[in-house]
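In what follows, a single structure is set out as structure tokens and then discussed.
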Amino acid sequence: MKIAITGATGQLGRLVIASLRGKVPASDIVALARTPAKAADLGVTVRAADYARPETLEPALAGIDTLLLISSSEVGQRAAQHANVIAAARKAGVQHIVYTSLLHADTSVLNLAEEHRQTEAMLEDSGIPHTLLRNGWYTENYTASVPAALANGAFYGSAGQGRIASAPRADYAEAAAVVLAGSGHEGKVYELAGDAAYTLADLAAEISRQTGRAIPYVNLPEAEYAAALKGAGLPAGLAEGLASWDVGAAQGALFDDGHVLSRLIGRPTTSLQTSVAAALA
């Protein structure tokens with residue numbers, strides 16, 4: 001069985017391939033990358049594939065049985081790019097598509113959700129058996145701000161008391177590898193999230209505990225937080241997105257207590273304490 005992974009040189013793609021190599025022979029894995037040279041260190045077959053260049057996709061998918069479609073990083077272009085991949089997969093005779101969607105994509109208030117809903121609908125219309133991995137938030141989305149919190153003496157956000165059931169990328173990558181290497185996952189929708197939810201105040205308290213410094217959580221109105229992020233040098237679109245996603249978290253968009261992720265990977269998800277320690281290392 002040939003398994004292909006799109007976005008293979010991205011942060012999630014690399015982790016999926018590393019996990020998958022422990023489950024199936026490397027000769028069964030095909031890394032799809034816009035720039036194949038960047039995938040030379042993955043230890044698997046590499047083919048050129050660019051979401052935005054449909055002519056590259058059907059040849060890249062020739063002979064592929066199962067495809068992991070990792071959602072494009074180009075927000076706003078995702079639906080069109082995913083449509084290109086799904087169309088090529090149908091022409092190439094791919095038997096199973098596994099797609100990395102968003103937690104509770106069908107009901108999520110996050111503005112990111114719409115393109116995932118569109119992609120899920122395209123998969124349904126394609127007639128190709130598929131599995132939806134509705135991934136929750138990456139813990140790294142927040143622990144990446146640990147250095148800034150230490151520099152500023154506070155952790156800023158707009159998530160209020162919203163509970164965040166995140167997990168590190170590696171946990172989601174392991175779940176993807178389990179599904180890709182396994183059987184009986186067609187037609188399933190997996191809502192994937194961390195076992196233990198936390199608030200940003202909890203995160204700030206954990207940073208304080210591990211560093212011995214008092215790092216409070218400071219909750220800001222959405223516009224004020226976005227302005228602060230722009231002031232810190234972030235592009236306007238990203239700053240406004242981060243602030244709006246925090247507000248979504250305050251409304252419960254990043255919470256789930258189904259423990260599906262830990263059941264899939266056969267172990268508890270990685271704790272916040274471990275993730276903070278990694279960010280401080």
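Full extension of the chain between ASP41 and LEU150 gives 35.8 nm of extra length, using 0.36 nm per residue less the Cα-Cα distance.
Remark on ILE97: its backbone amide H falls under 5 Å from those of LEU67, HIS130, THR131, a criterion applied only to residues 5 or more positions apart or on other chains, H modelled at 1.01 Å from N.
In deg cm²/dmol, rounded to 500, what helix-only [θ] at 222 nm does the chain give when every DSSP H run of at least 4 residues adds -39500 (n - 2.57) and the total is split over its residues? It lands at -12500 deg cm²/dmol.
Among rounded, prolate and oblate, which fits the chain when a ≥ b ≥ c are the square roots of the eigenvalues of its C-alpha gyration tensor, a/c under 1.5 means rounded, and a/b larger than b/c means prolate? Since a/c reaches 1.5 and a/b is larger than b/c, the shape of the chain is classed as prolate.
Once the piece of chain linking ALA62 and MET1 is laid out straight, how much longer is it, given 0.36 nm per residue of separation minus the C-alpha distance between them?
On the way: separation 61, 0.36 × 61 = 21.96 nm, distance 1.25 nm.
Answer, rounded to one decimal: 20.7 nm.
The modelled label-to-label distance between ALA278 and ALA26, using points 7 Å beyond Cα along the C-beta direction, is 2.3 nm. Got a sec? Which residues in the stretch 54-83 would a label at ALA48 touch, if it sits 7 Å along Cα→Cβ and we count backbone N under 18 Å? So the set is 54-62. On full extension, the segment bounded by ALA83 and GLN11 gains 23.7 nm, given 0.36 nm per residue less the C-alpha separation. The residues LEU15, LEU32, LEU123, LEU200, when put in order of fewest to most other Cβ atoms within 10 Å, stand as LEU15, LEU123, LEU200, LEU32. Fewest neighbouring Cβ atoms within 10 Å first, the residues THR270, THR211 line up as THR211, THR270.
Sorted ascending by nearby beta carbons within 10 Å, beginning with the fewest, GLU115, GLU74, GLU55, GLU222 become GLU55, GLU74, GLU222, GLU115. The phi torsions of the stretch 118-135, fed into the Karplus equation with coefficients 6.51, -1.76 and 1.60 and a -60° offset, translate into couplings of 4, 5, 4, 5, 4, 5, 4, 6, 5, x, 7, x, 8, 10, 9, 9, 7, 6 Hz, rounded to whole numbers, with Gly and Pro shown as x. Within the stretch 192-255, none of the chymotrypsin sites (Phe, Trp or Tyr not before Pro) combine a DSSP coil assignment with at most 15 other C-beta atoms in a 10 angstrom radius.
Once you reduce the stretch 207-281 and the stretch 91-145 to the center of their Cα atoms, the two points are 21 Å from each other.
Within the same chain, lysines fewer than 8 places from LYS2 are excluded, and of the rest, those with a Cα less than 24 Å from its Cα are LYS23, LYS38, LYS91, LYS188.
Each of ASN111 and ALA236 was given a label point 7 Å from its Cα along the Cα-to-Cβ line. The distance between the two points is 1.2 nm.
Readers should treat all values here as calculations from the given coordinates under stated rules, not as data from a laboratory. Worth saying up front: this structure is predicted, and the values here are computed from it rather than measured. Glycine gets a Cβ as well: all are built from the backbone with ideal geometry, and neighbour counts include every protein chain shown.
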